[in-house]
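Student: Dropping the structure in here first, questions after.
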Amino acid sequence: MMQYETQEFLGDALILKRKPFEGIAKTLDFSAVDTVVNGKKVVKAGTPIGETGAVDNSATVVGILLHDVSEDRPQGTLLKKAYINTAVAEENSGVTYDDAVKTALPMVVFE
């Protein structure tokens, strides 16, 4: 019989204000991540991510992380075109979006 490892988080934040959305896959960089859940580093939904896959709250951001992503499964979806519930996304990620992020992502509507 095969054993499967399960992961439990508090639950993904519903950062989308409404559907539809468009995203891209990105492998995240956990080297500077401090948030740990169940012994694993986690980047939370709503976090702005740069080209290198690291957290990036600046004009070089390439998208907003759709779901929580852990270091043992580092592939995430970055929102490139979406309607974001800004209050929920910022609270969940712990990041207050810089104005440069909003300017760099013209197809993401922050509401």
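The values are calculated or read from the model by the stated rules, or taken from the named source; none is laboratory data. Because the structure is predicted, anything quoted here is derived from the model rather than measured. Cβ atoms come from the backbone with ideal geometry, glycine included; neighbour counts cover every protein chain shown. Quick note on the areas: whole protein, heavy atoms, side chains included, nothing else; ligands and nucleic acids left out. Shrake-Rupley method; radii C 1.70, N 1.55, O 1.52, S 1.80 Å.
Student: Go through the range 9-43 and count every residue that is among the acidic types (Asp, Glu), more than 18 Å from VAL62 (Cβ to Cβ) and at pLDDT 90 or above. Walk me through how you get there before you give the answer.
Tutor: Looking only at the range 9-43, we keep the residues that are among the acidic types (Asp, Glu), and these are 12, 22, 29, 34.
Right, trim to more than 18 Å from VAL62 (Cβ to Cβ) and you get 12, 34.
Among the residues that remain, those that are also at pLDDT 90 or above are: 34.
Total satisfying the criteria: 1.
Student: Only one of (1) exposed (fewer than 15 other Cβ atoms within 10 Å of the Cβ); (2) at pLDDT 95 or above; (3) of a type in the set (Val, Ile, Thr); (4) part of a loop (DSSP other than H, G, I, E, B) is not met by THR6, so which one is it?
Tutor: So THR6 meets the others, but not (2).
Student: What are the pairs, 6+ residues apart or on separate chains, where a residue within the range 84-95 that is without any contact (Cβ under 8 Å) to a residue 40 or more places away in the chain has its Cβ under 9 Å from a residue that is open to solvent by less than 40 Å² (accessible area, probe 1.4 Å) and of a type outside the set (Ser, Thr, Tyr)?
Tutor: From the range 84-95, the pairs are THR86/ILE15; THR86/GLY46.
Student: Also: Which residues, taken from the range 87-97, are under 11 Å from LEU16 (Cβ atoms) and either assigned to a strand (DSSP E or B) or in contact with a Phe, Trp or Tyr (Cβ under 9 Å, 6 or more places away or on another chain) (or both)? Walk me through how you get there before you give the answer.
Tutor: Narrowing the range 87-97 to residues under 11 Å from LEU16 (Cβ atoms): 88-89.
Passing the criteria: only ALA89.
Student: Taking the options ASP68, ASP72, ASP99, name whichever one is among the charged types (D, E, K, R) and free of Cβ contacts under 8 Å to residues at least 24 places away in the same chain.
Tutor: That would be ASP99, the only listed residue that is among the charged types (D, E, K, R) and free of Cβ contacts under 8 Å to residues at least 24 places away in the same chain.
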